[in-house]
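**Q** Encoded as structure tokens, here's the structure I'll be asking about.
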Amino acid sequence: MTGGRVIHNLALVGFMGTGKSSVGQLVAAQIHFRFSDTDELIEARTGKSISGIFAEGGESQFREYERAVVEDLTGFYRTVIATGGGLVTQEENLNSLKTHALVVCLWASPETIWARVRHQMHRPLLQTPDPPARIRQLLAEREPFYRRADVLVNTEMRSVKDVVHHVIHQFRLARGHPSHP
Ligand code: S3P
């Protein structure tokens, strides 16, 4: 599936609360890659918080910043990149990631996602009267995009450690180095 591609990086995609940042940091430490997070890159580039961007310019402004950061990622090397949950819903973003990274999607059910994010209500897209319903709706809309990742990893009923091992294994296989990063 990844034949002919040069894979320098590992991109983690998937809905908020699927563990992209925690898994990504652990994977990066184990394979001696840098770790980067697209939301943090956007905040550094704009000098604004994600919530501030949504409040001032709305989601469309945020998605523009996201596209610009995806462009920057093409110059990254030996980096594990955790992406914002909606980033791959713009097809060109996913296509761009695939030019330099193995794209791994972390998956969880809406119920598990809600259980994981319910105490972290800073997320602008969950500022609604019924966040569980919003999660179900967004996840259903986004599922076809997430399924376009190179590898889909179900995080349900699995420890973070197990997910990390699985992601590293898939990355090594894709790079053709089963025992080295
Ligand atoms: C978003 C997810 C967030 C952040 C922004 C929008 C989304 O990132 O990019 O709030 O569209 O799902 P995380 O997935 O890291 O929470």
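The values are calculated or read from the model by the stated rules, or taken from the named source; none is laboratory data. These numbers were taken from a predicted model, which means no experiment stands behind them. Backbone-built Cβ (ideal geometry, glycine too); neighbour counts: all protein chains shown.
**Q** Which condition breaks for T46 when tested against (1) away from the ligand (no atom under 11 Å from the Cβ); (2) of a type outside the set (K, R); (3) within 16 Å of the chain's Cα centre (by Cα)?
**A** Evaluating T46 over (1) away from the ligand (no atom under 11 Å from the Cβ); (2) of a type outside the set (K, R); (3) within 16 Å of the chain's Cα centre (by Cα) leaves (3) as the failure.
**Q** Would you call A149 in contact (Cβ under 8 Å) with a residue 40 or more places away in the chain, farther than 18 Å from D39 by Cβ and within 15 Å of the ligand (Cβ to nearest atom)?
**A** yes
**Q** Among the small types (G, A, S), over 27 Å from L138 (Cα atoms) and either crowded, with 20+ Cβ neighbours inside 10 Å or in contact with a Lys or Arg (Cβ under 8 Å, 6 or more places away or on another chain) (or both): which single residue out of A28, A11 fits that description?
**A** Answer to the selection: A28.
**Q** Here is a follow-up. Which of the residues that make up the range 117-159 are of a type in the set (A, V, I, L, M, F, W, C) and surrounded by 12 or more Cβ atoms within 10 Å (Cβ to Cβ)?
**A** V117, L125, L126, A133, I135, L138, L139, F145, A149, V151, L152, V153
**Q** Which members of the range 82-126 meet the condition of being basic (K, R) and within 10 Å of the ligand (Cβ to nearest atom)?
**A** If the condition is that a residue be basic (K, R) and within 10 Å of the ligand (Cβ to nearest atom), then R123 is the only one that fits.
**Q** Quick one: which of R78, R67 is surrounded by fewer than 18 Cβ atoms within 10 Å (Cβ to Cβ) and in contact with a strand residue (DSSP E or B) (Cβ under 9 Å, 6 or more places away or on another chain)?
**A** Selected residue: R78, the only one of R78, R67 that is surrounded by fewer than 18 Cβ atoms within 10 Å (Cβ to Cβ) and in contact with a strand residue (DSSP E or B) (Cβ under 9 Å, 6 or more places away or on another chain).
**Q** Further question on the same structure: Go through (1) within 12 Å of the ligand (Cβ to nearest atom); (2) at pLDDT below 95; (3) not in a helix (DSSP H, G or I) for P129 and report which single condition fails.
**A** Among (1) within 12 Å of the ligand (Cβ to nearest atom); (2) at pLDDT below 95; (3) not in a helix (DSSP H, G or I), the lone unmet condition for P129 is (1).
**Q** Any idea which of T83, T99, T155 is β-branched (V, I, T) and out of contact with any strand residue (DSSP E or B) (no Cβ under 6 Å at 6 or more places or on another chain)?
**A** T99
**Q** Next question. What number of residues within the range 21-72 satisfy the criterion of being among the hydrophobic types (A, V, I, L, M, F, W, C) and out of contact with any helix residue (DSSP H, G or I) (no Cβ under 8 Å at 6 or more places or on another chain)?
**A** Counting residues in the range 21-72 that are among the hydrophobic types (A, V, I, L, M, F, W, C) and out of contact with any helix residue (DSSP H, G or I) (no Cβ under 8 Å at 6 or more places or on another chain) gives 3.
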